[in-house]
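Heads up, the thing below is written out as structure tokens.
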Amino acid sequence: MSKYHPYLKIAPEVQTALQHNRPVVALESTIIAHGMPFPQNKETALAVEAVIRSEGAIPATIAILDGHLVVGLSPAEIEILGRDGEKVAKVSRRDLPFIVSRQQNGATTVASTMIIAAMAGIRVFATGGIGGVHRGAAETMDISADLQELAKTSVAVVSAGAKSILDLGLTLEYLETYGVPVIGYKTDTFPAFYTQESKLKVDYRLDSPKEVAEVLSHKWRMGLEGGVLIANPIPGRFSMPPALIASRIEEALAEAAAENIKGKALTPFLLAKIESLTGGDSLKANVELVLHNAKLGAQIAMEMSK
Ligand code: PSU
Ligand code: MN
């Protein structure tokens, strides 16, 4: 089974928890190296782990270190990724074999974190936002590999929806096509990351970790492989004024187009640009929603381990 997986390096605490069917929550590292500046990235990553522990679950931050797929980073390892930031390779599914073969460090995206979590036997993963179908994708074909991963890898991902740097409507269409369940957690609309709501309805709303755990367990026990997206809106007191954030996002998109930013660099570019355009307010909101998602992820993992 997973513990013999030759590529994995699982922290002893995480290994023990998995062996005893105790709740474990996976966490990604691209958000650390490419999603936030230092030192807020490191501080947030550690605070997220603390939230998960306070709910009674074990955190497992995932990254690639010297070519090993590490499940359960130490605080010192989290600090290295936070400090090295953009110098660390951003690793999605296609990048994994290269970083492993070169024995490098890599920060895992939602897609590659799902892959490694599944190898280790972890079913619940909390983050901020997922990648999706970019605006203008009809021309650029820029669709995050996160969506294909949700289609095939059996891990539940808690996110605050997706940023409207993406085309949220097309992102939901894509998920529907690939059979990915989208759960609105205590919400009837798909949340837009910095704001609690969007105009897009979700088909399924659930109001407790127990209900979510039941749906996950039915899906996977039936043999329906693939992920589930749990969309958890940012808490109201931290949400940003919709018109303000919308116009900052437009500005950031215009700058990306003017500078011809493409491919894997686009999402990190937009995140940093929005942060500077909002004078850091977007970063504060981002930190809070990640903590909120970690808490829900832990609660779902607790229910699943019952
Ligand atoms: N969205 C965010 N913050 C992030 C990311 C997305 O609000 O940090 C990161 C995640 O790691 C996600 C990745 O998996 O960006 C998606 O990148 P791309 O669009 O290149 O697939
Ligand atoms: Mn892309």
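Every number here is computed from the coordinates shown, using simple stated rules; none is lab data. All of these numbers come straight from a predicted model, not from anything done at the bench. Virtual Cβ from ideal backbone geometry, glycine too; neighbours counted across all protein chains shown.
Within the listed set A26, A252, A111, the Gaussian network model of the chain (springs between alpha-carbon atoms below 10 Å) gives the highest mean-square fluctuation for A252.
Bridgeable lysines around K273 (alpha carbons under 24 Å apart, same-chain partners fewer than 8 residues away excluded): K42, K87, K90, K163, K262, K264, K284. With helices as the sole contributors, the chain gives -14000 deg cm²/dmol at 222 nm; each DSSP H run of n ≥ 4 counts as -39500 (n - 2.57), and the sum is divided by every residue. A cut-off under 14 angstrom between Cβ atoms defines the neighbours of E211, and their net charge, with Lys, Arg +1 and Asp, Glu -1, is +2.
Region 134-160 and region 1-79 have Cα centres spaced 22 Å apart.
Only beta bridges with both residues in the chain are counted; by DSSP, about 30 percent of them are antiparallel.
Using a ≥ b ≥ c from the Cα gyration tensor of region 222-306 (square roots of the eigenvalues), is it rounded, prolate or oblate, where a/c under 1.5 gives rounded and otherwise the larger of a/b and b/c decides, a/b for prolate? In terms of gyration-tensor shape, oblate.
Rounded to the nearest 5, what % of DSSP beta bridges with both residues in region 175-253 are antiparallel? Given both bridge residues lie in region 175-253, the antiparallel proportion sits at roughly 25 percent.
When Rg and the Kirkwood Rh are both derived from Cα coordinates, the Rg/Rh ratio for the chain amounts to 0.93. So for K295, K219, fewest C-beta neighbours within 10 Å to most, what's the order? Going from sparsest to densest Cβ surroundings: K219, K295. Need one word for region 26-154: rounded, prolate or oblate. Basis is the Cα gyration tensor (sqrt eigenvalues a ≥ b ≥ c); a/c below 1.5 gives rounded, then a/b vs b/c decides. In terms of gyration-tensor shape, rounded. Specify whether the C-alpha gyration tensor of region 1-85 places it in the rounded, prolate or oblate class, a ≥ b ≥ c being the square roots of the eigenvalues: rounded for a/c under 1.5, otherwise prolate if a/b is larger than b/c and oblate if not. Oblate.
Loop-located trypsin sites (Lys or Arg not before Pro) in region 92-122 (DSSP state other than H, G, I, E, B) with a sparse environment of at most 13 neighbouring Cβ atoms within 10 Å: R102.
The calculated pair-distance distribution of region 122-230 uses every alpha carbon pair, bins of 10 angstrom beginning at 0, and gives 15, 50, 30, 5, 0 percent. Ordered by the number of other Cβ atoms lying within 10 Å of each residue's own Cβ, fewest first, T171, T189 fall into the sequence T189, T171. Within region 65-211, antiparallel bridges make up roughly 40 percent of the DSSP beta bridges whose residues both belong there. Close amide H contacts of S239 (hydrogens built in the peptide plane, cut-off under 5 Å, sequence separation of 5 or more or a different chain): none are found. The ranking of Y185, Y204 from fewest to most other beta carbons within 10 Å of each one's beta carbon is Y204, Y185. Show me the helices of the chain, taken as full DSSP H stretches, that run 27 Å or more along their long axis by Cα and average -0.5 or above in Kyte-Doolittle hydropathy. Long hydrophobic helices here: 281-304.
Specify the inter-centroid distance of region 162-213 and region 97-130, based on alpha-carbon positions, in whole Å. Each part reduced to its Cα centre gives a spacing of 22 Å.
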